[in-house]
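Okay, structure first, notes after.
Derivation of every value follows stated rules applied to the coordinates shown; laboratory data play no part. Remember, it's a predicted structure, so these values are computed and weren't measured experimentally. Reconstructed Cβ throughout: ideal geometry from the backbone, glycine too, with neighbour counts over all protein chains shown.
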Amino acid sequence: MLSLRRLAFLGRKIPRASLEGLYGGKGIVFGDKVAKEWESKTRRMWKPNVQWGRLHSRLLGETLRIRVTAHLLRTVDKHGGLDNYLLRTRNDKIASTFGVTLKERLTDVLKERNLTPLEYLKQQESGIPRIHYEVAAQEAEPTEAVDLALAEPAAAPVDVPLQAPDNPFARDLEASQRKS
């Protein structure tokens, strides 16, 4: 687990509130507001767009209500879900004690399922859900497990002739071409 000292050692200023949610590395930014006419500068700060969000974890089987930034929501969508985001991101990039503990919970669930995070991510990328079935066949013993994919073959495409809609302008054009 990352402590506040460890995060400070990484050279990043992290707001205390961001340790309880997932901010995706975003924080308060300081700068100047410059007047157009006189070019005078006024110090100001920009706060991250923080909202309460509900993110679902497939591995944990629960929906979490946490403080997240709009940037993080886009990043989670890009990675394909909360689990994929946390498993792919390094702990120092998460920059949140809540996020790191959630990532540890996810890795514990994967250890119970005898999967590494890399194997889980490859399964997610393939898009084929894998279900463990018990199959009792003549060749196999009744206790032997077989891994089957749930993909069904697609139906053969049917050629349908395309018919253009009746266009009065096309009829007029054809009639004028016949006359000339």
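State, to one decimal in nm, how far the label point of GLN51 lies from the label point of GLU39, with both points 7 Å from Cα in the Cβ direction.
The modelled label-to-label distance comes out at 3.9 nm.
Return the sequence-ordered ³J(HN,Hα) values of the stretch 91-98 in whole Hz as given by the Karplus equation 6.51 cos²θ - 1.76 cosθ + 1.60 applied to θ = phi - 60°, using x for Gly and Pro.
Each residue's phi maps through the Karplus curve to give 4, 6, 7, 5, 6, 8, 5, 4 Hz.
Figure the gain on full extension for GLU104 and SER126 (residue separation times 0.36 nm, minus the Cα-Cα span) and round it to one decimal in nm.
Separation in residues times 0.36 nm, less the Cα-Cα distance, equals 5.5 nm.
Of LYS36/LYS78; LYS36/LYS93; LYS26/LYS122, which sit over 32 Å apart, Cα to Cα?
LYS36/LYS78; LYS36/LYS93
With charges set only on the Cβ (+1 for Lys and Arg, -1 for Asp and Glu), what does the dipole of the stretch 4-114 come to about its Cα centre, in debye to the nearest 20?
Here the size comes out at about 260 debye.
Give a quick list of trypsin sites (Lys or Arg not before Pro) in the stretch 86-122 that DSSP marks as loop, anything other than H, G, I, E or B, with at most 14 other Cβ atoms within 10 Å.
Filter output for the stretch 86-122: ARG90, ARG113.
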